[in-house]
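Notes follow once the structure below has been shown.
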């Protein structure tokens with residue numbers, strides 16, 4: 001059985017640093033499982049590894065597509081499987097790294113067989129969100145797919161849009177497709193590791209990181225994207241922080257509460273991530289400062305033959 005390591009956990013928990021340490025120690029390469037880091041030009045706000053980190057260890061599935069190109073979990077699954085096969089053929093250890101649960105599950109457990117969504121349907125749903133807002137879109141989802149609406153947070157535009165797109169394209173609720181091919185609870189040949197922070201400390205890290213990102217040019221990054229013709233209705237520009245900054249640059253909000261609003265959305269996202277990952281008892285957690293226990297676990301898991 002081929003083996004791989006998955007570095008998981010909530011945003012701002014140190015996944016990139018842990019993955020880098022494991023990759024350097026184990027002779028591995030890092031495979032991104034963050035849905036926003038696949039987009040070119042979204043660097044600061046996605047905490048994408050910089051050139052110096054990529055020079056130390058090879059990273060895959062970063063900067064794959066432009067912000068206006070479609071990149072679904074299905075695209076990700078095909079690309080990641082190809083890359084992992086190549087890594088194994090070269091004797092390298094695949095180190096998955098990212099906090100997008102859908103990508104993580106798709107790669108480890110497969111996907112429900114959902115037909116492609118036509119561009120016209122995506123545009124129609126994007127217009128709905130832009131014109132009526134998240135609350136109305138989530139209320140509409142509750143009417144057509146109550147199970148999905150109960151599972152998706154009202155402030156999660158990407159997942160709300162995806163569920164509405166699937167329903168409009170197929171006439172079937174997204175929850176029906178997931179029920180037809182449910183994800184398993186564990187995957188053989190995978191060791192999942194994570195750093196577990198105290199909730200208050202994690203939230204403080206999130207607040208500090210948002211301030212660093214804004215000081216580091218995040219607003220200018222969004223300004224460049226908008227100037228290049230990428231509209232605020234695009235999926236990556238509806239993500240956390242990018243939506244708020246785009247609204248600022250378009251004169252739709254003031255700057256006074258920008259950092260606070262982005263940090264609050266990020267904290268809510270981290271809470272949802274923790275809820276999801278805490279449902280998976282196979283994840284091995286370690287407190288901050290004890291990352292080498294995770295390295296020891298990874299070395300024992302891989303064994304001498306790997």
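The values are calculated or read from the model by the stated rules, or taken from the named source; none is laboratory data. This structure is a prediction, so every number in the text was calculated from the model and none was measured. Methodologically, a virtual Cβ is constructed for each residue, glycine included, from the backbone with ideal geometry; neighbour enumeration extends over all protein chains shown.
Counting only helices (runs of 4 or more DSSP H) that sit wholly inside the stretch 1-111, those with at least 3 residues that are surrounded by fewer than 17 Cβ atoms within 10 Å (Cβ to Cβ) are 15-26, 51-56, 73-89.
Filter the stretch 273-290 down to the residues that are part of a helix (DSSP H, G or I) and buried (at least 17 other Cβ atoms within 10 Å of the Cβ), then identify the one that is nearest to the chain's Cα centre (by Cα). Outline the logic, then answer.
First, pick out the residues of the stretch 273-290 that are part of a helix (DSSP H, G or I): 273-278.
If we keep only those that are buried (at least 17 other Cβ atoms within 10 Å of the Cβ) as well, we get 273-274, 277.
Numbers: 273: 10, 274: 13, 277: 13 Å.
Filtering the stretch 273-290 for residues that are part of a helix (DSSP H, G or I) and buried (at least 17 other Cβ atoms within 10 Å of the Cβ), the one nearest to the chain's Cα centre (by Cα) comes out as 273.
Taking the stretch 66-76 as the range and being at pLDDT 95 or above and touching a strand residue (DSSP E or B) at 6+ places or on another chain (Cβ under 6 Å) as the test, only 67 passes.
Out of everything in the stretch 113-125 that is touching a helix residue (DSSP H, G or I) at 6+ places or on another chain (Cβ under 9 Å) and surrounded by fewer than 17 Cβ atoms within 10 Å (Cβ to Cβ), what residue ends up being farthest from residue 19 (Cα to Cα)? Step through it out loud before you land on a result.
Going residue by residue through the stretch 113-125, those that are touching a helix residue (DSSP H, G or I) at 6+ places or on another chain (Cβ under 9 Å) are 113-118, 121-122, 124-125.
Subsequent filtering for residues that are surrounded by fewer than 17 Cβ atoms within 10 Å (Cβ to Cβ) retains 113, 115-116, 118, 124.
Working: 113: 31, 115: 34, 116: 33, 118: 36, 124: 39 Å.
Out of the qualifying residues, it is 124.
Select from the stretch 195-206 the residues that are out of contact with any strand residue (DSSP E or B) (no Cβ under 8 Å at 6 or more places or on another chain) and more than 13 Å from residue 268 (Cβ to Cβ) and list them in ascending order.
197, 198, 200, 201, 204, 205
Against the list (1) out of contact with any strand residue (DSSP E or B) (no Cβ under 6 Å at 6 or more places or on another chain); (2) surrounded by fewer than 17 Cβ atoms within 10 Å (Cβ to Cβ); (3) assigned by TED's automatic domain parsing to the domain that holds residue 70, the condition residue 146 fails is (3).
How many of the residues in the stretch 292-306 are touching a strand residue (DSSP E or B) at 6+ places or on another chain (Cβ under 8 Å) and closer than 15 Å to residue 95 by Cα?
Looking only at that region, the number is 6.
Taking the criterion of being within 24 Å of residue 237 (Cα to Cα) and free of Cβ contacts under 8 Å to residues at least 24 places away in the same chain, would at least one residue in the stretch 79-97 satisfy it? Step through it out loud before you land on a result.
Narrowing the stretch 79-97 to residues within 24 Å of residue 237 (Cα to Cα): 79-80, 97.
Right, trim to free of Cβ contacts under 8 Å to residues at least 24 places away in the same chain and you get 79.
Among the residues of the stretch 79-97, at least one is within 24 Å of residue 237 (Cα to Cα) and free of Cβ contacts under 8 Å to residues at least 24 places away in the same chain, which makes the answer yes.
Conditions first: (1) outside the structural domain of residue 289 (by TED's automatic domain parsing); (2) at pLDDT 90 or above. Residue 159 passes all but one, so which condition is the exception? Unmet condition: (2).
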